[in-house]
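Each remark here refers to the structure printed beneath this line.
Here, each number is a calculation from the coordinates, and none is a lab measurement. In this text, all values refer to a predicted model and were calculated from it rather than measured experimentally. Every residue, glycine as well, gets a Cβ built from its backbone with ideal geometry; the counts of neighbours run over all protein chains shown.
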Amino acid sequence: MATLSINNVSKTYHNGHKALTNICLDAADGEFIVIVGPSGCGKTTLLRIISGLEDLTEGEILMDGVKVNDVPPKKREISMVSQNFSLFPNMSLYKNIAFPLIISAEKSQIIKEKVTEVSRLLGLTHLQERKPSQLSGGEKQRTALGRAIIRHPKLFLFDEPLSGLDAGLRQDIRQEIAKIQRYLKTTTIYVTHDQDEAMSLADRVIVMKDGLILQSGKPMTLYSRPNSLFVANFTGKLNTLRGIFSNLDGQLVFFPVEMNNGNEALFKEPSQHLTGVNGLSVNKEVTLAFRPEDLTVRKPLRQGSHISFTALVSSIEYKGYEKIALIKPCIVKHHEINDIYSCILFMRLSQDQYIERESLITVYMYIDRLSIF
Ligand code: ATP
């Protein structure tokens, strides 16, 4: 267990490519941090720098307050698990897990005790004599996990450890990783581009783009209070509505830009109801961002807590535990659709809410859940 501080770390590769710019990150002892971001944003580079496999160009890395920039990888007491398992094909599962202890010349009795404990923790006890070629993908990844935890490192680094596995297995091993991390309380930095993985595993999520950290916070903070459209998109399913607010006699009137005639309002609301919403500006194109569960067909009881508009129900997807309605905001005049938004919005419905395909409905959007960019 250790604290980790990354102070103003930048990395420029020999070809001149700047992969990281001024990265600052503090991990508390035992914290589980998940870094998400698109391919090429610098996630692996950052992990390799923390592990010592890659040099940094500027900045410093501290473990337990001690600068480790010049400490070689082997001496940093870090274990890294990547997606390609990196098991030795000619060694049994037992030896693969025991390997870090074998090379540090640990006594065979101690090795046996530790491999037994780790195998039990990972449900691998019955497979100890098998070679990697005789293991399933999930068993291989558990073996790699076993090898990473056997030395009780100060820090775990995971580089997309589940991306080579199918969806069911991913969920199982994800739970396993969470359980082991809680049990060992080892400070962990986990890289993925899977939002579900990030949101379900992390104490804290960090979203990266183009070598920069865009936002860092608790999963629910990033989900409900993203600081940019990029973060909002990266932390869950998102609806967006582009348009312009105008102030007309104390009312804020919203004109979607993607409606054909552009001069009919989709909704209007007394301006004082919207004053607390971050990012609100008038006479300028903005994007309203909200989650599928921020829309409802049940009129909220509290006055001024919601915006309402009309929408056409394009279709309904049944997911078993919930339903998702695909709707298109529209403007209705004299009982006829006068204009319709070109984009689909998603609205989450509970099982007991019924709406019909092709019907016109009134949709309520909770103002306190709205983000404007
Ligand atoms: P992925 O999710 O695809 O693994 P990533 O976020 O981990 O991507 P990195 O592998 O850290 O991204 O790469 C960051 C950027 O640095 C990319 O644009 C990549 O092409 C570049 N890069 C990585 N390694 C080198 C290298 N050795 N020399 C030059 N550029 C590199």
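General observations
- Extended-chain gain in nm, criterion 0.36 nm per residue less alpha-carbon gap, ASP203 and THR287: 27.3 nm
- Cα lying deepest toward the dipole's positive end in the chain, options SER51, TYR364, CYS330, charges on Cβ: SER51
- FRET E, pair CYS24, THR240, Förster distance 45 Å, beta-carbon r, rounded to 0.05: 0.90
- Here the Gaussian network model covers the chain, with springs between Cα atoms less than 10 Å apart; of LYS112, LYS95, LYS185, LYS112 fluctuates the most.
- Among GLU60, GLU293, GLU322, the residue with the largest mean-square fluctuation in a Gaussian network model of the chain, with springs joining Cα atoms closer than 10 Å, is GLU322.
- Given LYS43/LYS140; LYS95/LYS131; LYS107/LYS131; LYS237/LYS333; LYS185/LYS218; LYS74/LYS131, the pairs whose alpha carbons are separated by over 21 Å: LYS43/LYS140; LYS107/LYS131; LYS237/LYS333; LYS74/LYS131
- Measuring how big the stretch 231-373 is from its alpha-carbon positions, Rg and Dmax come out at 14.7, 46 Å.
- For TYR318, neighbours were defined as the other residues whose beta-carbon sits under 15 Å from its Cβ, and their charges (Lys and Arg +1, Asp and Glu -1) total 0.
- Candidates per trypsin sites (Lys or Arg not before Pro) in the stretch 187-277, loop by DSSP, up to 13 other Cβ within 10 Å: LYS237
- The phi-based Karplus calculation (6.51 cos²θ - 1.76 cosθ + 1.60; θ = phi - 60°) puts the 3J(HN,Hα) values of the stretch 186-193 at 8, 4, 9, 10, 10, 9, 7, 10 Hz, whole numbers, x for Gly and Pro.
- For the chain, the dipole from Cβ point charges (+1 on Lys and Arg, -1 on Asp and Glu) about the Cα centre works out to 1000 debye, to the nearest 20.
- Per DSSP, loop chymotrypsin sites (Phe, Trp or Tyr not before Pro) in the stretch 17-105 with at most 15 further Cβ within 10 Å: none
- Label point distance in nm, ILE337-GLU264, each placed 7 Å from Cα along Cα→Cβ: 1.1 nm
- Note on HIS273 and LEU301: with the Förster distance fixed at 22 Å, the Cβ-Cβ geometry gives a FRET efficiency of about 0.90.
- Net length available on complete extension from SER314 to SER39 is 95.7 nm, with 0.36 nm assigned per residue and the Cα-Cα distance removed.
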